[in-house]
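What follows draws every value from the coordinates through simple rules; no lab data is involved. All figures in this text were calculated on a predicted structure; none of them were measured in a lab. Methodologically, a virtual Cβ is constructed for each residue, glycine included, from the backbone with ideal geometry; neighbour enumeration extends over all protein chains shown.
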Amino acid sequence: MSLFTWSNPTLATPALSTATTIRSKVFPAFVASLVNRAGPVVLDLGPAVGTTVEFFRERCACKVQVEDLFATVEARASDPNREPGSPLPPLTTRQNYAPRSVDGVLCWDLFDYLNPELATQLAGSLSGVLRAGGVLHGRFSTIEHAVDHYTQFGVEDEDLIRCRTYPGTRTHRSARAGREVLKLFPRLEVVELVLLQSQSHEMLLRRP
Amino acid sequence: MWKRQEHGLPNGHTGSGSPTPRGTPEPNDRPTPAIHGATVNIGQSVVMKGELTGSEDLVIDGQVEGTITLQNHLLTIGPSAKIKANMSAKSVVVVGHAHGNITATDKIEIRENGSVDGDISAPRVTIAEGAHFRGSVDMQTPPPAEPASQKTRGGNPSPTQRR
């Protein structure tokens, strides 16, 4: 007998790869934009990572909201009942965020896994919840390819990001040039954009 | 069904990073006025629905729906547990699945394979590699009225974190 119907189908623990650490030139600016804000709220769209939570608590006294939308993406990708090409409902967060209630958003590389329609919907929602001066950090691939893994990003320090991959359903990964990212976020302005050797670019956007 | 154990946690709950046995308190542990060395175990076959309160350490491996309140004690959500409840305790260790908000006056620890879908609030929070968590993390200092909240633990949060 079971009391519950579990709404989250992706509770299986992912098998994480060996970690690699990368140095970010953009992330320090993200952190700097939070440190002087009162009671900042950071929305992390990636899987929960203990070091990230600890970092933001200690460095910025942030309240961290973890949404792990990658789990939702993977649940949809692995859904055996979904017909290929069928429209997907917008990604929804666990909590409803009031407009202008968030100071920072960590997208990581989530947008690479979203089709243009979902990406536009999510970008609009994220732009709306950012406070004036709030910032959004993301990595965007510049080449299209298929992948069978996701990457878990963990903040080690102000400019150190630890990356570990974990397996997922093989899926298409979108490519977006810098100008296409700007089209996704028309209400935001670019603070920093750095091209990476990993054929992606790391961007920091700010709501004016 | 209800099994009382002496001196620490049952088998399977004493691995690396397990809750500190009563005999070797953590540096910041304060003595608690209730029973020492006693742990109640709710076994895998137990299904409960309602309000669960207690004044001793509790390990849950069954299914519980409702609310769980342990004043000044340790709550362990075992690997087989499926919890759908708001939980409040001194410390909470999650090894199984928990759906609901968790408040602790000392520490919340989500172990590898542990899963929490809900908001967590405690002065100290640990999320292990491989743990699943979806919700907000509020690492505020305990309210001053609580006896166990006299010390600030795990660093000095800025005044903006205080409520």
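Quick notes on this one:
- Residues in segment B:87-93 carry Karplus couplings, in order, of 10, 9, 7, 5, 9, 10, 10 Hz; the curve used is 6.51 cos²θ - 1.76 cosθ + 1.60 with θ = phi - 60°, and Gly or Pro positions show x.
- 10 Å binning of all Cα-Cα separations within chain A, expressed as whole percents from 0 upward: 8, 35, 39, 15, 2, 0
- Extension gain from A:Val191 to A:Ile143, taking 0.36 nm per residue of separation minus the Cα-Cα distance: 15.0 nm
- Fewest-first ordering of A:Asp157, A:Asp112 by other beta carbons within 10 Å of each residue's beta carbon gives A:Asp157, A:Asp112.
- Averaged over residues, the count of other Cβ atoms within 10 Å places the peptides B:91-97, B:110-116 in the sequence B:91-97, B:110-116, highest first.
- Within a Gaussian network of chain A (alpha carbon springs, distance under 10 Å), most fluctuating of A:Ser24, A:Ser78, A:Ser198: A:Ser198
- Other protein chain Cβ atoms within 10 Å, averaged over every residue that makes up A:56-62: 5
- Distance distribution note for segment A:121-208: the fraction of Cα pairs above 23 angstrom is 31%.
- Averaged over the residues of peptide A:43-53, the number of Cβ atoms from other protein chains lying within 10 Å of each residue's Cβ is 4.
- Subset of B:Lys49/B:Lys107; A:Lys63/B:Lys49; B:Lys49/B:Lys82; B:Lys84/B:Lys107 violating a 22 Å alpha-carbon distance limit: B:Lys49/B:Lys107; A:Lys63/B:Lys49
- Between A:Lys25, A:Lys183, A:Lys63, the residue with the greatest mean-square fluctuation in the GNM of chain A (Cα pairs under 10 Å linked by springs) is A:Lys183.
- Comparing A:Thr18, A:Thr165, A:Thr93 in a Gaussian network model of chain A where C-alpha atoms under 10 Å apart are linked, the largest mean-square fluctuation is found at A:Thr18.
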